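Structure record follows, encoded as structure tokens.
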Amino acid sequence: MSTTERDYYELLGVTRDAGPDDIKRAFRRLARELHPDVSDEPDAEHRFREVVEAYEVLSNNERRELYDRFGHAGLRSGGFSPTTFDLGGLSDLFSAFFGDDLFGVSGRAARGRGADVAARVEIELVEAATGTTREVPFEVAVPCTRCGGNGAEPGTEAKACPTCGGTGRLRQVSRSVFGEFVRTQTCPACRGSGRYVEHPCTACHGGARVIEERTLEVDIPAGIHDGQRIRLSGEGHVGTLGGRAGDVYVEVHVRPDERFVREGNDVYCTVELTLPQAALGATVTVSTLEGETELTLEPGTQSGEVVVLRGRGFPVLQGFGRGDQRVLVNVLVPTQLTHVQRRLLEEFERLSTDETYKPDEGFFDKLKSAFR
């Protein structure tokens with residue numbers, strides 16, 4: 001089916017009562033998708049030219065009214081013929097239609113977003129569980145106060161770059177048997193700023209920015225993991241020509257704690273029992289993320305047994321609930337015995353039977369459950 005047989009509203013994907021802004025947005029989207037520089041589809045160039053033709057008609061009130069009343073025949077009788085564009089650059093097409101290029105600028109240098117800044121902060125493991133606040137220092141580029149951010153010495157002004165005419169870009173057109181090709185590149189003379197400073201500011205040396213030491217108070221959320229980053233939007237290096245500032249990314253490092261080992265949102269620790277404590281049962285003090293607590297262990301507690309303290313682990317970051325604390329029991333076997341201690345242990349062993357060491361019913365099931 002030829003272009004003249006296609007419905008222009010269908011080509012742009014808009015309704016017949018679509019407003020100018022809707023038609024413009026639809027064309028921008030399709031042009032970006034179908035331009036041969038972007039699309040790998042075999043019929044992209046043909047479809048691209050169809051979309052261009054549809055926009056030429058529907059964006060013009062007189063042509064659109066003629067098309068709505070008489071269709072393609074009315075356009076032909078009115079002398080309309082589609083414009084022929086070279087496909088060298090999508091920016092040049094947008095400039096022809098909208099007076100701007102792909103990035104929304106024309107006749108002037110493009111605004112540049114400021115660069116991001118990386119910072120680092122260290123916290124304790126317990127602070128990672130409760131959340132904390134830290135003052136984080138970093139260096140950042142800010143507008144020069146002496147020249148007001150224009151790079152020129154007070155009393156003088158920056159001029160348009162003579163190489164690019166103030167656009168910040170250079171266009172090079174080449175012709176071949178395939179048509180015209182347009183290549184756009186950043187102006188090497190002004191590095192894309194579009195400005196020429198004859199008398200540079202003595203404070204920033206014409207750069208319009210200076211480096212400043214800044215400190216921000218950063219809220220570190222509870223449950224954060226080692227190596228995670230916190231983004232501070234708009235606190236980075238200032239942009240060029242009024243562009244938005246970059247961001248600051250604060251990388252959080254959690255110092256190891258000899259009392260605990262973190263695994264996900266769970267925390268592990270150990271408790272040591274003497275042989276009599278394990279056999280007779282005992283109440284011991286255990287460290288938790290919230291402080292010390294008393295833990296009662298039943299008689300016959302075995303080495304390697306795990307006691308689970310529900311909800312005593314790390315809070316779920318940006319979520320609900322907490323992990324658990326898992327206490328691993330380590331029974332200490334005496335290595336240095338006196339003569340009396342050895343005799344008492346020998347007497348204990350002589351009086352022991354198979355019943356003395358019979359495992360508690362369901363012990364291994366409870367152990368598996370604790371690890372799960």
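Bear in mind that the values in this text are calculations on the coordinates, not laboratory data. Please read all numbers here as calculations on a predicted model, not as lab measurements. Cβ sites come from the backbone with ideal geometry, for glycine too, and all protein chains shown count toward neighbours.
Summary of packing: across the peptides 14-27, 341-354, the per-residue average of other C-beta atoms within 10 Å ranks them, highest first, as 14-27, 341-354.
Which net charge results for the neighbourhood of Q185, defined as the other residues with beta-carbon distances under 10 angstrom from its beta-carbon, given Lys and Arg at +1 and Asp and Glu at -1? Walk me through the intermediate numbers first.
Values: positive: R169, R171, R183; negative: none.
Every neighbour counted, the sum reads +3.
With both residues required to sit in the range 261-371, DSSP beta bridges show an antiparallel share near 70%.
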